[in-house]
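The values are calculated or read from the model by the stated rules, or taken from the named source; none is laboratory data. These numbers were taken from a predicted model, which means no experiment stands behind them. Please note: Cβ atoms are built from the backbone with ideal geometry, for glycine as well, and neighbour counts cover all protein chains shown.
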Amino acid sequence: MKYTLRQLQVFLAAAHSQNITRAADELAMSQSAASGALRELETHFDIKLFDRVGKRLQLNELGRLLQPRVEALLAQATELELAFEQHAEAGPLKVGATLSIGNYLAVGIMARFMEEHPDARVSLDVENTSTIAEKVRNFELDIGLIEGEIHDQDLEVQTWREDELAVFCAPTHPLAGTMTLSEDELLAADWILRESGSGTRQAFDRAMHGLMPRLHVLIELQHTEAIKRAVQAGLGVGCLSRVTLEDNFRRGDLVPLAVPGRDFRRLFYFVLHRQKYRSAGLQRWITLCRES
């Protein structure tokens, strides 16, 4: 075999960091050893994997083509090593989740996963849909749990579960006693919404088709709890996943508002890189999500 796993590790670390010094630090190697490993890999096959611009390494077309296959091979090698050393079925798992899912669903799933696999290391990165998709595309995450729809030839999107948005206000808000909101009331309201690029905002915009350009969006916020607090303070009307509002509706510090004729249903999705190796741990994580 003309390559070693160490050479492939250096290649991936350099691809992620775009700098051989940072790649060497990440792998606990000297800079000269990392440079030598990368040079030997390219020399053996008479290829170039990077365009060199000063100290910066930029993947070229061949490097981008090979990166997913190298990622998959090293993931399998890591899993095999863990099986040899620890007899473990699940290796490290890097999960990304959008805010509603991460704060209200993913933690419970993580607890079940770690109960089954106490030696497994699981990390949870909570971001909006577009950021999660980008990190899955770059192999920074093994799987994403997202609220919005994405279309990318490198990514596989699988349906997970149904969800529904809810419009809500504070119990002291003038609309709190309204049985159903008319179009005029929707247009007159001050709205506190998630930012563009989030799955929640994408679903809201779709539900409000025909009205969006005329709605008065007072504030856009990146965090669910910040939106709830702003609405509780009487600043306006909000719209979030019903999953995030169940406790508030039960306590009565926020109240739901009916909006007939508007479809607030949506789906949650799994997103994975098409070239990502589906390890035993990753498959079990998906199963636990579907069972939740």
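So, in the range 45-61, exactly how many residues are modelled with pLDDT of 90 or more and loosely packed, with under 14 Cβ neighbours inside 10 Å?
Number satisfying all stated conditions: 7.
Can you confirm whether Ala170 is assigned by TED's automatic domain parsing to the domain that holds Gln67, small (Gly, Ala, Ser), more than 14 Å from Arg284 (Cβ to Cβ) and touching a residue at least 40 places away in the same chain (Cβ under 8 Å)? When the stated conditions are applied, Ala170 does not pass them. Close Cβ contacts (under 9 Å, 6 or more residues apart or on different chains) running from residues in the range 41-55 that are without any contact (Cβ under 8 Å) to a residue 24 or more places away in the chain to residues that are assigned to a strand (DSSP E or B) and not β-branched (Val, Ile, Thr) comprise Glu42/Phe50; Asp51/Leu57; Asp51/Gln58; Asp51/Leu59; Arg52/Gln58.
Sort through Ala203, Ala226, Ala166 and tell me the only one that's at pLDDT 95 or above, within 26 Å of the chain's Cα centre (by Cα) and in a helix (DSSP H, G or I). Reasoning before the result, please.
Numbers: Ala203 fails: at pLDDT 95 or above; Ala166 fails: in a helix (DSSP H, G or I).
Ala226 is the lone residue from the list that is at pLDDT 95 or above, within 26 Å of the chain's Cα centre (by Cα) and in a helix (DSSP H, G or I).
In the set Phe204, Phe249, only one residue is surrounded by fewer than 18 Cβ atoms within 10 Å (Cβ to Cβ) and not acidic (Asp, Glu); that residue is Phe249.
Screening Ala176 with (1) within 17 Å of Val259 (Cα to Cα); (2) outside any loop (DSSP other than H, G, I, E, B); (3) touching a residue at least 24 places away in the same chain (Cβ under 8 Å) gives one miss only, at (2). Counting only strands (runs of 3 or more DSSP E) that sit wholly inside the range 1-106, those with at least 2 residues that are of a type in the set (Gly, Ala, Ser) are 93-97.
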